Amino acid sequence: MPGSQPPEPIQPQIGQPPPQAALSDLLALFLFRRRHMRVDGFSMAPTLVPGDLVLITPRQAGATLPALGSIVVARHPDRPATRIIKRMADVQDGGLVLLGDNPGASTDSRQFGVVPSRLLIGEVTSVVR
């Protein structure tokens, strides 16, 4: 028809994910860029409880240690295949003092002593519940 104009093109909204991208898809993408671990004990309760998924920023070789009070993941000093989640309480004798927030349910530096810093895997950066 004379005088009619074509419809305006639809402009995508900047910053919006595509409609087909579900939150679970975005979360999966994020998880592949970081390490993650599921909490399976009560040693860090009430801060972390069984079933929580923690995201971990891996420690780079030669990097500075996380700040005291940080929650970290390390290899168990007596069972290297076992990973532990604890709070970094102190640095002594070239190693880390790692303590659980729930002393009655935690096996930590009070039992196995100072953990060599080479066993530190990374720092917990967030929790998915």
What residues from segment 99-120 fall in the zone where the backbone N is under 15 Å from a label point 7 Å along the Cα-to-C-beta line of GLN92?
-> 99-100, 108-117
Between ALA67 and GLN111, the FRET efficiency computed from the C-beta separation at R0 = 25 Å comes out, to the nearest 0.05, as 0.55
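Net charge around ARG75, counting only other residues with Cβ within less than 14 Å of its Cβ (Lys, Arg = +1; Asp, Glu = -1)?
On the way: positive: ARG35, ARG59, ARG79, ARG83, LYS86, ARG118; negative: ASP78, ASP108.
Net of charged neighbours comes to +4.
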Any residue on another chain or 5+ positions along whose placed amide H is under 5 Å from the amide H of ARG35 is listed here as ILE56
What list of ³J(HN,Hα) couplings, whole Hz, do you get for segment 106-119 from phi and the Karplus terms 6.51, -1.76, 1.60, once you set θ to phi - 60° and write x for glycine and proline?
-> 10, 9, 8, 4, 5, 9, 9, x, 5, 9, x, 4, 5, 8
Give the Debye-formula value of log10 I(q)/I(0) at each listed q (0.21, 0.22, 0.23 Å⁻¹), with one equal scatterer per alpha carbon of segment 39-129, two decimals each.
-> -1.02, -1.12, -1.23
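Tell me, what is a quarter of the convex hull surface for the C-alpha atoms of segment 86-129, in nm² with one decimal? Write out the running numbers ahead of the final one.
Working: hull surface 14.9 nm².
Mean orientational projected area (segment 86-129, Cα hull): 3.7 nm².
Throughout, read-outs are computed from the coordinates displayed, never taken from laboratory work. From a predicted model like this one, the values you see are computed outputs, not experimental measurements. In this analysis, Cβ positions are derived from the backbone assuming ideal geometry, glycine residues included, and neighbour counts consider all displayed protein chains.
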